[in-house]
Structure formats: structure tokens, C-alpha cells
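The values are calculated or read from the model by the stated rules, or taken from the named source; none is laboratory data. The shown structure was predicted, so the numbers you read here are calculated from the model rather than taken from an experiment. Virtual Cβ from ideal backbone geometry, glycine too; neighbours counted across all protein chains shown. All accessible areas refer to the heavy atoms of the entire protein, side chains included, with ligands and DNA or RNA removed. Shrake-Rupley method; radii C 1.70, N 1.55, O 1.52, S 1.80 Å.
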Amino acid sequence: MDLDRRYWIDQDGITAYPETPKLWCSKEGKPLDLDLSFHPVKQTILSGPSDFRRYIPFVGLENPENFISLGEPITPLIPVQVDDKELLVKQDFLFPTGSYKDRGAAVMMNRAKEMGVKKVIQDSSGNAGCSVAAYAAAMGIACDIFVPASTSPAKLIQIEMYGARLIKIKGSREDTAAAAREAADRGEYYASHCFNPYFYQGTKTFAYELCDQLGWNAPDKVVLPLGNGTLVMGCWIGFSELKEAGVIQKIPQIIGVQASSCAPLFSKWKTRKGDVFQEPVFQATLAEGIAIGDPVRGEQLISVIDRTNGSILAVSEQEISDAFHFFRHRGFYPEITSCAALAGALRVLRESGPDESVCTLITGSGLKSTDKYLSFLKQ
Ligand SMILES: *Cc1c(COP(=O)(O)O)cnc(C)c1O
């Protein structure tokens, strides 16, 4: 593919911007999408390596054969018995840094490497920060992670261990994001999981992989976490491309799950449907990894969920901890944030017909929640 002819496009699909390492948003500061779509070929995938790299010919890298890998696996798809039904659960905590964010970071950072980027910046004190820091280390790219000065040291250890530099910003999470965006405006490569469209080329592999594992069939419903919606966007792109290429016959319903304590998209979606409901008040939640007050792709997320005939759910703190207990008693050890989507999936499965297939994932490893689980033990 020729770099000169690559464009990112705004969400009205009107203004196109030539891709450069400095490009990160539209003139209005809005996220952009890749102005390319891919035609997945079953044969190419099936004859590729038996890991994540089999999807890499279709994610927009110029030289997929040079892909730098940390050994990303095909994550197992495990059926979990729930009453008289089965929930299909992908084990995405098995990625190299302990969360599915590696899907996005692997592709985004390989693209950065291809463009000759020497340094990236990112603002996340959580799993996205870990993933970007790990791939930066693997590629010899310098990495600055902007974090709120108040972030607990425990959350930052893994990022620092990969050798990333932490830039601590006083004030709120928004102040940290603003500092990162200022650096991006000064020309630093913004390896953002919210803005950078290559991140979504990476998360779309979740959809490819799931259909691959189901013998090139799509399930009826896919239940995903919904904070910034990196999996929701990725799955929309992935399932649409598979459908367009005739590889699958239908796009599954995408069901996005928010925590009731921080549910801005649930609230917008409900209001637009004309439902009367109690406006949620923002509070602290166990699922802090998806507690995003104003997701930058909010409108886009609602629209893709609607296009799949899907829905948005909000789960209570009780449901989140119940889901954790349900899964740990069956030998799984999800990160507490992951339990929001799991709680949503349990609810969706219970409300689904006997012939409907419902799939979800464990997004992160419980080893990341050791401090939280310590407090569970003390209760
Ligand atoms: C990032 C993340 C999510 C949700 O992702 P969004 O892209 O914000 O919707 C869910 N679980 C874990 C463990 C995460 O790190």
C-alpha cells in the first residue's frame, strides 16, 4: 500500500486528511477514521500463522510481513454453563500485558514503527498505557505516558517497568488528557486508544478471531464493555468487513455494557428511545476502567450499536461483584473492570432464547486487581 494515498476521514465522511505521524484529529478536534476498508480472505487467514498474526494482512500495515509481535495468542473461546444455557467467553486476559488492549496497541505501534516514529505519547494509567509501553519497549520507541498525579503507584508499576516515562499532571483526568493533546498538537505521535484509528484495526481482530473460531459463523449477540468503546468500534468494523466480504451471513447484535454509576451512553441511548428512567448520577464504580464520563466517540458508538440492532445496558455495582464471584467460583480470575461486561452477558444470556448464541470476553487479568480483591477479603 502506498503511504502517499492514505487518508483519515472525519465522521461526516466528507473531509479527508492525508496521514502523517502528526495527524491525530480533525480541524474541530474530533477523532478520525481510516479511509480504507479491508476484504478479509478466509484462505489467507487459514493458511497464516496459528496466532494473532494471521489477521495482520488485513489491518492496514504497509509491510505485514515485518510485524513485530510479543507472541499474541488466539485466545481460547470457553463455553461456561449458566443454568441450562451456555455463555461463550473469550479469554482475552491472556494477551502479553494481561489485557485485550494489546490487540489495538500491537497494530497501532507497528504502524507507528512503519512511519519511522521514534517517540509516542499516550494518556492512560491503566491497561492501554501498559500495552503501549510494552510495544514501545519491544520496538525501541520512546514512550511518555501522561497520568494524573493522584494515580496510585500500584497502577503505574507495570507501565514504568516497561521503561516508559511517566509525566504526572496535577488536577483531573481531563487535565491529563488536555496535557497529552497539547503535546500531540506540538507534533508528538499520539498513540491514543480513543483517537488513533489503527487501534481499532487491532481491536477488530476480536471479531475476525471469534468468527474464525466458530467455523466462520457469527454468534447472535456479542456483549462488550462500553467505556471508550474500543472493542465496540473494533467489532463493528470487523463484523462489517466479514459480512461485506461474504465470509459471514449476518452482523451480530452488539450489546454495550456500562456501569450504572457512570453510564453516559446508556443514558443518551435510553433518552433517545423515549424511555422514561432514572437519570444516573456519576459515582465511583468497581469497574473504573470503563468509567468514562464523556467518551470522545460517544455519538459514533451509539450509532454503530443501533446499526447492529443492538442495545446498551447498565449494570449495578452488585451485579458487577456478583459476576466476579460467579466466575471465580468456576476457575476464572477476571480483572474487576472486566466483570461489568460479564455481568451484562449473564443478564443477556438469561433473557435470550434457547437457540441464541451469546458471546463475551474476559478483558483483563485479575492479577491487575490485587489491591481491590484484598479489600474484598477484608469485608
Ligand atoms: C479498556 C478496558 C475495557 C473497556 O474498554 P473501552 O474501550 O473503554 O470500552 C474493559 N476492560 C478492561 C480490563 C479494560 O482495560
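Details
- Look at where the Cα atoms of the stretch 27-102 and of the stretch 294-349 average out, and the two centres are 20 Å apart.
- Alpha-carbon Debye profile of the stretch 10-49, log10 I(q)/I(0) at 0.27, 0.29 Å⁻¹: -0.91, -1.03
- Relative contact order computed over the stretch 287-376 (Cα-Cα under 8 Å; 6+ residues apart), in percent: 28
- Available extension along the chain between residue 28 and residue 333 is 105.6 nm, counting 0.36 nm per residue and deducting the alpha carbon span.
- Amide H within-cut-off set for residue 78, under 5 Å, with H built and near neighbours excluded: 89, 90, 91
- Sequence-separation-based contact order of the stretch 33-186, relative, with Cα cut under 8 Å and 6+ spacing, percent: 15
- Amide H contacts for residue 250 (H built 1.01 Å from N in the peptide plane; partners 5 or more residues away or on another chain; cut-off under 5 Å): 218.
- Accessible surface of the stretch 145-195, 1.4 Å probe, proportion on carbon and sulfur as whole %: 53
- Average accessible area per residue (Å²) across the stretch 131-226 - probe 1.4 Å, nucleic acids and ligands excluded: 35
- FRET efficiency, 1/(1 + (r/R0)^6) with R0 35 Å, evaluated for residue 245 and residue 50 via beta carbons: 0.95
- Inter-label distance, nm, simple model (7 Å from Cα along the C-beta direction), residue 43/residue 150: 5.8
- Overall form of the stretch 2-97 per C-alpha gyration tensor (a/c, 1.5; a/b vs b/c): prolate
- Given 85/372; 221/372; 30/268, the pairs whose alpha carbons are separated by over 22 Å: 85/372; 221/372
- Fraction of alpha-carbon pairs over 30 Å apart in the chain - percent: 34
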